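Only one structure is covered here, and it is reproduced in the block below.
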Amino acid sequence: MSKEMTGAKMVVQALKDQGVDTVFGYPGGAVLPIYDEVFQQNDIRHILVRHEQGAVHAAEGYARSTGKPGVALVTSGPGATNAVTGLTDALMDSIPIIVLTGQVPTFMIGSDAFQEADTVGITRPCTKHNWLVKETDALSGIMHEAFHVATSGRPGPVLVDIPKDVQFATGKYTGPKAMQSHYQPQVKGDLEEITELVAAMEKAKRPVFYTGGGVINSGPAASQLLRELVDATGFPITSTLMGLGAYPASGKNWLGMLGMHGLYEANLAMHDCDLMINIGARFDDRITGRIDAFSPKSTKAHIDIDPSSINKVVKTDIPIVGDVAHVLEDILKVWKSRGRKTNADAVAKWHGQINEWRKVNCLAYTNSETTIKPQYALQRLEELTRDHPSRYICTEVGQHQMWAAQYLGFEDPNRWMTSGGLGTMGYGTPASIGVQIAHPDALVINVAGEASWLMNMQEMGTAVQYRAPVKQFILNNERLGMVRQWQELLHGERYSNSWSEALPDFVKLAEAFGAKGIYCDNPADLDDAIREMLAYDGPVIFDCVVEKHENCFPMIPSGKAHNEMLLGEAETQGVIDAKGSVLV
Amino acid sequence: MSALKIKKGSNSHSAYNLRPTFSDVVERHTLAVLVENEPGVLARVIGLFSGRGYNIESLTVAEVDHTGHLSRITIVTTGTPQVIVQIKAQLGRIVSVHEVHDLTVEGASVERELAIMKVVGTGDKRVEALRLADIFRANVVDSTLESFIFEITGAPEKVDAFADLMRPLGLVEMARTGVAALLRGD
Ligand SMILES: Cc1cc2nc3c(=O)[nH]c(=O)nc-3n(C[C@H](O)[C@H](O)[C@H](O)COP(=O)(O)OP(=O)(O)OC[C@H]3O[C@@H](n4cnc5c(N)ncnc54)[C@H](O)[C@@H]3O)c2cc1C
Ligand SMILES: Cc1ncc(C[n+]2csc(CCOP(=O)(O)OP(=O)(O)O)c2C)c(N)n1
């Protein structure tokens, strides 16, 4: 079935046919015809952000928390260039989003027209795929393919650049069913490889599951199957920053997060294991530390839908290309059919060893009665919100992000939104708004550092306008804390430009936006202040003044191995050698 | 193109060998990449190589299937086995890429390149240039009293060898097409 309509109408029709209910955007000359169509319908809600970067991060928050693709709509030129950071962020973290940009009319492309930018050229390396639509007849097919590409295989951001004359002209609209794409990634894993993995699992004495964002990408079924497999085998499990919540933090085989700021027991288990089962994680350098010292004694299996993730950094012994849920289902089937065997005695001993490591209590810190320690603030936040039926946590980037990962417990997938791969300061506020728009009744908290928070604070206007009751929980150390920590460890305590001066009064700032401001600098008042934040039905900026010089531990310094982890304040000077200091 | 239809991500085919050897020896591979013939597709492929720091020794591209809108890009690249495998996997994940073939590992292949060279000279040098061209089966496609343009076709090494011989004989300008390659047999 094809219908005649204008390009602008097709855009809205295609969004409806793809089941889109929300678009985050910002208008401008080159998208006015589409905005005109948005105005004349009620099925799709348009959220007017305050900056295009905010639109893209909000779409990311929406996508990560719902499992559906997020959509952003921005104008040509500056609108498109403002979207670049968000696109790169989504590419690094495999978040499915569709960004629609306006473009100058086709007959003016290449003439340095007003607000012209080579959008497909600029965004080619930061999208999974992008399209410049040259004729209206091609528009609906491209729109549907854009959704297909963004959400199939390894998810990621796509961009459709639509010249203004294409929006005005009339053409044939075709529905999603007519969409043709040769892009059909493989989802089923190779049974031979799967059987090889199962055989290795039956014999393993010191196995560990190393799980990542791919489990979340694969959908809720993947988390369910993972829980079944972990509980049935009794193998310990750790996760990257991106995979938190796939296995519950309260689960009995949970080791906590691994990596640079991961838990001692998780990193040592990775270092000493004899079988590492990587499920949807990509051996990021925050995980491996020094590659030649990374888990030297283990057989490594790697399940990933993207063949380029396999053998990219770490040599894999058992490679399995496929979707996590599909592969886990087959692993369970094969393992059960072979009699549900594990080397139970050895695995019990392995848990004994892990429990010894646990006794190190690597998250211990020295509390204070006079200043709020950031760890304490997060422990109290956890205590007071843990039982909330639908709690979603976003973060900015820095020490607070790592502390949030360490001290908050995630029981379910899609409840944790953080910028991992790109590490984009300014991600959290708009992402929290995207999450809240998707889940109006949920408790959505953005754990922020004051420096990151200032990077996209204009989005408080969006929160107030749409009554999105997001809680901005700012751990204010008046420092670019993570930078300061590295300068302490690496640059002889020369704190070059790593403090936040001339900070705004956050309470007044909140009031200026029409939100509520809360200030707290006393540990004794903290619980009440948090309760006040939770009780308030509307957006809140919580200025939580914390210890200024706290460092984030544990920490594996750059260029070091897992078993060379720093646990606390001891002697941290000069721990990163010349070779490590070139690493980031 | 051989009739092999390998799915993206397939690990059953040698082009996507997921168990490469991890040696430090740099190898030279010829890749045939079948892509959607659409604007920007070459930029995607070249951008991948420059963005990730891979080498391109030669690259040719032209439409090979008009009705199917497919172009064939032949790339000669170098790298350790791990890098070569990464290059193929990275090419495979470009949405406009339909197939990636590693002609160096999939069997014997034929590689041909065309070059045209302008050789300026008189007297003995001119005679010698003509004599060598004959030995290399290079054709004269343009001639003045003081210059020839030779056209030569062959494996890149043959073109190199001919160019080396022409240099002292007055080679002033050269244009090469880059490698086109096909698997032998059916
Ligand atoms: C300041 C800072 C500090 C950090 N410190 C740490 C740290 O200590 N520990 C830590 O873990 N991280 C840390 N990170 C995050 C880190 O940079 C990486 O983002 C993160 O480790 C990557 O997670 P991942 O391996 O799960 O991969 P992701 O980026 O989530 O990638 C997912 C992988 O799964 C695959 N995949 C996707 N979908 C599927 C599917 N359906 N089926 C199968 N496979 C699929 C993808 O191809 C990809 O290979 C830090 C970040 C910042 C900003
Ligand atoms: C856009 C951007 N610019 C710079 C950085 C480098 N950077 C990483 S953490 C950090 C400091 C963050 O400070 P803050 O938000 O106050 O958090 P804290 O570390 O103090 O908890 C900086 C500058 C970054 N990640 N993102």
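Overview of values
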quantity	calculated
Hey, A:K516 at pLDDT 95 or above, basic (K, R) and farther than 19 Å from A:M455 by Cα or not	yes
Options A:G110, A:G153, A:G175, A:G121: the member that is surrounded by fewer than 20 Cβ atoms within 10 Å (Cβ to Cβ) and at positive phi	A:G110
Residues of region A:376-413 satisfying the condition of being hydroxyl-bearing (S, T, Y) and either under 18 Å from A:L526 (Cα atoms) or within 13 Å of ligand 2 (Cβ to nearest atom) (or both)	A:Y376, A:T385, A:T395, A:Y407
Helices (runs of 4 or more DSSP H) (entirely within region A:319-410) containing at least 3 residues that are over 13 Å from A:I445 (Cβ atoms) and in contact with a Lys or Arg (Cβ under 9 Å, 6 or more places away or on another chain)	A:324-337, A:344-358
Unmet requirement for A:V187, which otherwise passes all of (1) of a type in the set (A, V, I, L, M, F, W, C); (2) more than 14 Å from chain B (Cβ to nearest Cβ); (3) in a loop (DSSP other than H, G, I, E, B)	(2)
So B:L114, is it surrounded by fewer than 17 Cβ atoms within 10 Å (Cβ to Cβ) and either part of a loop (DSSP other than H, G, I, E, B) or touching a helix residue (DSSP H, G or I) at 6+ places or on another chain (Cβ under 7 Å) (or both)	no
Residues located in region A:262-282, provided they are within 25 Å of A:Q399 (Cβ to Cβ) and either within 16 Å of ligand 2 (Cβ to nearest atom) or of a type outside the set (G, A, S) (or both)	A:L263, A:Y264, A:E265, A:N267, A:L268, A:M270, A:H271, A:R282
Residue within region A:285-292 that is within 12 Å of chain B (Cβ to nearest Cβ) and of a type in the set (V, I, T) present	yes
For A:H182: the one exception among (1) of a type outside the set (D, E); (2) within 16 Å of ligand 1 (Cβ to nearest atom); (3) without any contact (Cβ under 8 Å) to a residue 24 or more places away in the chain	(2)
Count of residues meeting criterion [in contact (Cβ under 8 Å) with a residue 12 or more places away in the chain, within 15 Å of A:Q186 (Cα to Cα) and either outside any helix (DSSP H, G or I) or among the charged types (D, E, K, R) (or both)] in region B:81-95	2
Verdict on A:L241 being within 16 Å of ligand 2 (Cβ to nearest atom), at pLDDT 95 or above and under 29 Å from the mean Cα position of the chain (by Cα)	yes
Flag for A:K300 being basic (K, R), in a strand (DSSP E or B) and at pLDDT 95 or above	yes
Identity of the residue in region A:284-306, in contact with a strand residue (DSSP E or B) (Cβ under 8 Å, 6 or more places away or on another chain) and polar (S, T, N, Q), that ends up nearest to ligand 2 (Cβ to nearest atom)	A:S295
Test set (1) within 16 Å of ligand 2 (Cβ to nearest atom); (2) at pLDDT 95 or above - A:D527 fails condition number	(1)
Flag for B:D124 being part of a strand (DSSP E or B), surrounded by fewer than 17 Cβ atoms within 10 Å (Cβ to Cβ), over 25 Å from the mean Cα position of the chain (by Cα) and not β-branched (V, I, T)	no
The one condition in (1) within 16 Å of ligand 2 (Cβ to nearest atom); (2) surrounded by fewer than 24 Cβ atoms within 10 Å (Cβ to Cβ) that A:G259 fails to fulfil	(2)
Any hit, region A:534-541, residues being closer than 22 Å to A:M457 by Cα and assigned to a helix (DSSP H, G or I)	yes
So B:G53, is it at pLDDT below 95 and assigned to a loop (DSSP other than H, G, I, E, B)	no
Failed item, numbered, when A:P319 is tested on (1) surrounded by fewer than 21 Cβ atoms within 10 Å (Cβ to Cβ); (2) more than 16 Å from ligand 2 (Cβ to nearest atom); (3) not aromatic (F, W, Y)	(1)
Candidates A:V470, A:V483, filtered to the one that is surrounded by 24 or more Cβ atoms within 10 Å (Cβ to Cβ), more than 16 Å from A:V56 (Cα to Cα), out of contact with any Cys (no Cβ under 8 Å at 6 or more places or on another chain) and of a type outside the set (G, A, S)	A:V470
Region A:307-325 - residue that is out of contact with any strand residue (DSSP E or B) (no Cβ under 8 Å at 6 or more places or on another chain) and touching a residue at least 40 places away in the same chain (Cβ under 8 Å) and, of those, nearest to the other protein chains (Cβ to nearest Cβ)	A:D323
Condition met for A:H351 (more than 8 Å from ligand 1 (Cβ to nearest atom) and either farther than 20 Å from A:P185 by Cα or within 14 Å of another protein chain (Cβ to nearest Cβ) (or both))	yes
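Per-residue answers, yes or no, for (1) within 14 Å of chain B (Cβ to nearest Cβ); (2) of a type in the set (F, W, Y); (3) out of contact with any strand residue (DSSP E or B) (no Cβ under 7 Å at 6 or more places or on another chain); (4) more than 11 Å from ligand 1 (Cβ to nearest atom):
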{"site": "A:R380", "(1), (2), (3), (4)": "no, no, yes, yes"}
{"site": "A:H388", "(1), (2), (3), (4)": "no, no, no, yes"}
{"site": "A:I393", "(1), (2), (3), (4)": "no, no, no, yes"}
{"site": "A:E396", "(1), (2), (3), (4)": "no, no, no, no"}
{"site": "A:L408", "(1), (2), (3), (4)": "no, no, no, yes"}
{"site": "A:E411", "(1), (2), (3), (4)": "no, no, yes, yes"}
{"site": "A:S419", "(1), (2), (3), (4)": "no, no, yes, no"}
{"site": "A:T424", "(1), (2), (3), (4)": "no, no, yes, no"}
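Conditions tested, residue by residue: (1) of a type outside the set (A, V, I, L, M); (2) within 14 Å of the chain's Cα centre (by Cα); (3) buried (at least 24 other Cβ atoms within 10 Å of the Cβ).
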position: A:K359; (1), (2), (3): yes, no, no
position: A:L384; (1), (2), (3): no, no, no
position: A:H388; (1), (2), (3): yes, no, no
position: A:T395; (1), (2), (3): yes, yes, yes
position: A:L408; (1), (2), (3): no, no, no
position: A:T418; (1), (2), (3): yes, yes, yes
position: A:G423; (1), (2), (3): yes, yes, no
position: A:G428; (1), (2), (3): yes, yes, yes
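Residues checked against (1) touching a residue at least 24 places away in the same chain (Cβ under 8 Å); (2) within 12 Å of chain B (Cβ to nearest Cβ); (3) surrounded by 24 or more Cβ atoms within 10 Å (Cβ to Cβ):
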| residue | (1), (2), (3) |
| --- | --- |
| A:G67 | yes, no, no |
| A:L73 | yes, no, yes |
| A:G86 | yes, no, yes |
| A:E116 | yes, no, no |
| A:K128 | yes, yes, yes |
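The values are calculated or read from the model by the stated rules, or taken from the named source; none is laboratory data. Keep in mind the model is a prediction, meaning the values are calculated, not measured. Reconstructed Cβ throughout: ideal geometry from the backbone, glycine too, with neighbour counts over all protein chains shown.
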